[in-house]
Amino acid sequence: MVFTVIICCSNVLLLEKIVKEAPNCTAFVTFSAYVTIVIQTILFKPQLLTNYTIPLHNYLIITFLFYSTNLCNNMALSYAVDMPTLLIFRSGSLLANMVVSIIAFRRSYSMSKYIAVVMVTMGIIVATLASADLKKNNVSEGATFSVWLVGIAMLTYALFGSAVMGVLQEKLFTTFGKKSEEVLFFSHLLGLPAFLINYRDLAQTIVDFNNSAPISVFGFDLPFLWVAIAVNVALQSTGIKGVFYLLSVWSSLAVTMVLTLRKFLSLLLSIFLFQNPFTLVHWIGTTLVFSGSALFSGLVPLPKGKESEKEKAQ
């Protein structure tokens with residue numbers, strides 16, 4: 001558990017360092033993750049190329065959503081959104097999942113879960129408004145308020161796009177069985193051509209990475225950013241495997257606790273290591289978000305009351 005938390009936190013912090021060094025590299029970061037997943041699957045599970053269960057046309061919408069939400073999450077960092085704001089937004093997935101589940105499946109939830117989602121929503125709003133005030137009052141880094149708004153719009157789309165994608169995946173699993181590795185592979189493989197849209201950014205990032213300051217690795221001087229992206233991809237892959245391992249040996253509740261802890265630690269480390277501005281209002285918003293997440297997951301239960309009998313576990 002501790003190993004997984006350390007790996008995931010390190011991955012987030014290294015990504016922030018890479019983006020600070022090369023602000024326009026976010027498309028390349030996403031592309032690198034795609035290529036890594038595809039290569040790993042071809043090397044270790046090549047049978048998926050020909051022996052798959054789900055017809056490929058079922059992946060069209062999922063592939064688009066997966067590509068666009070991942071790209072928006074990373075590209076928001078290039079639009080004056082800092083890592084703490086990104087982490088707070090991504091912790092708001094409960095809100096998006098509940099809204100989409102109510103619309104798609106007509107689910108109802110216990111009162112404690114509605115209260116939790118209200119807390120998360122208010123926390124995101126409070127933290128975002130606090131960041132908005134900072135951006136309006138400080139444009140010293142060359143980032144205008146309108147650019148920051150584009151980044152916030154990206155995060156909002158990614159939040160709800162991911163929730164819709166989750167619903168579509170759930171429907172696929174209901175129809176064809178839980179083929180998680182198959183879905184993971186084809187959503188990455190079929191999404192690779194979409195990066196042709198970003199070919200100029202990818203080409204410029206390669207130039208920027210080649211021109212980055214050298215760092216000694218086993219006696220060889222290598223560009224720092226190439227080393228950093230390689231380590232970032234390795235950490236991301238290891239972190240994903242760590243989460244899957246925890247899911248196989250622990251309850252989903254325990255894993256949720258670990259992931260919530262990881263996000264909170266990443267937030268703290270980002271604030272202190274990179275001196276990201278974080279006011280008292282930000283802390284209030286953060287407390288609401290993480291408290292709401294804990295309440296929704298059952299980590300902090302409310303006193304037993306009248307719960308909805310229609311509630312279905314997500």
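The values are calculated or read from the model by the stated rules, or taken from the named source; none is laboratory data. Just so you know, these numbers come straight off a predicted model, no measurement behind them. For neighbour counting, all protein chains shown are included, and Cβ atoms are generated from backbone atoms with ideal geometry for every residue, glycine included. The protein model used for the area step is the full one, side chains on, heavy atoms only, and it has no ligands, DNA or RNA in it. Shrake-Rupley method; radii C 1.70, N 1.55, O 1.52, S 1.80 Å.
Some notes on this structure:
- Residue match in the range 253-265 (condition: modelled with pLDDT under 70, part of a loop (DSSP other than H, G, I, E, B) and exposed (fewer than 14 other Cβ atoms within 10 Å of the Cβ)): no
- Residue check for Ala228: without any contact (Cβ under 8 Å) to a residue 40 or more places away in the chain, open to solvent by less than 80 Å² (accessible area, probe 1.4 Å), part of a helix (DSSP H, G or I) and closer than 22 Å to Val12 by Cα: no
Condition check ((1) under 30 Å from Val126 (Cβ atoms); (2) in a helix (DSSP H, G or I); (3) in contact with a helix residue (DSSP H, G or I) (Cβ under 6 Å, 6 or more places away or on another chain); (4) in contact (Cβ under 8 Å) with a residue 40 or more places away in the chain) across all residues:
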residue: Ile37; (1), (2), (3), (4): no, yes, yes, yes
residue: Ile42; (1), (2), (3), (4): no, yes, no, no
residue: Tyr67; (1), (2), (3), (4): no, yes, yes, yes
residue: Cys72; (1), (2), (3), (4): yes, yes, yes, yes
residue: Leu94; (1), (2), (3), (4): yes, yes, yes, yes
residue: Asn97; (1), (2), (3), (4): yes, yes, yes, yes
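- Close contacts from the range 165-177, counting a first residue that is at positive phi and a second that is modelled with pLDDT of 85 or more and loosely packed, with under 14 Cβ neighbours inside 10 Å, with Cβ to Cβ under 7 Å and a gap of 6+ residues or different chains, come to Gly177/Thr53.
This table checks each residue for (1) farther than 30 Å from Thr279 by Cα; (2) surrounded by 14 or more Cβ atoms within 10 Å (Cβ to Cβ).
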{"residue": "Ala153", "(1), (2)": "no, no"}
{"residue": "Ala163", "(1), (2)": "no, yes"}
{"residue": "Leu190", "(1), (2)": "yes, yes"}
{"residue": "Ala194", "(1), (2)": "yes, yes"}
{"residue": "Ile197", "(1), (2)": "yes, no"}
{"residue": "Ala203", "(1), (2)": "yes, no"}
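- Enumeration of residues in the range 44-59 that are assigned to a helix (DSSP H, G or I) and either touching a residue at least 24 places away in the same chain (Cβ under 8 Å) or surrounded by 12 or more Cβ atoms within 10 Å (Cβ to Cβ) (or both): Leu48, Leu49, Leu56, Asn58, Tyr59
- Residue list for the range 98-143, restricted to those being of a type in the set (S, T, N, Q), open to solvent by 30 Å² or more (accessible area, probe 1.4 Å) and modelled with pLDDT of 80 or more: Thr121
- Cβ-Cβ under 6 Å pairs, at least 6 apart or on other chains, the range 202-214 side free of Cβ contacts under 8 Å to residues at least 60 places away in the same chain, far side outside any strand (DSSP E or B): Ala213/Phe224
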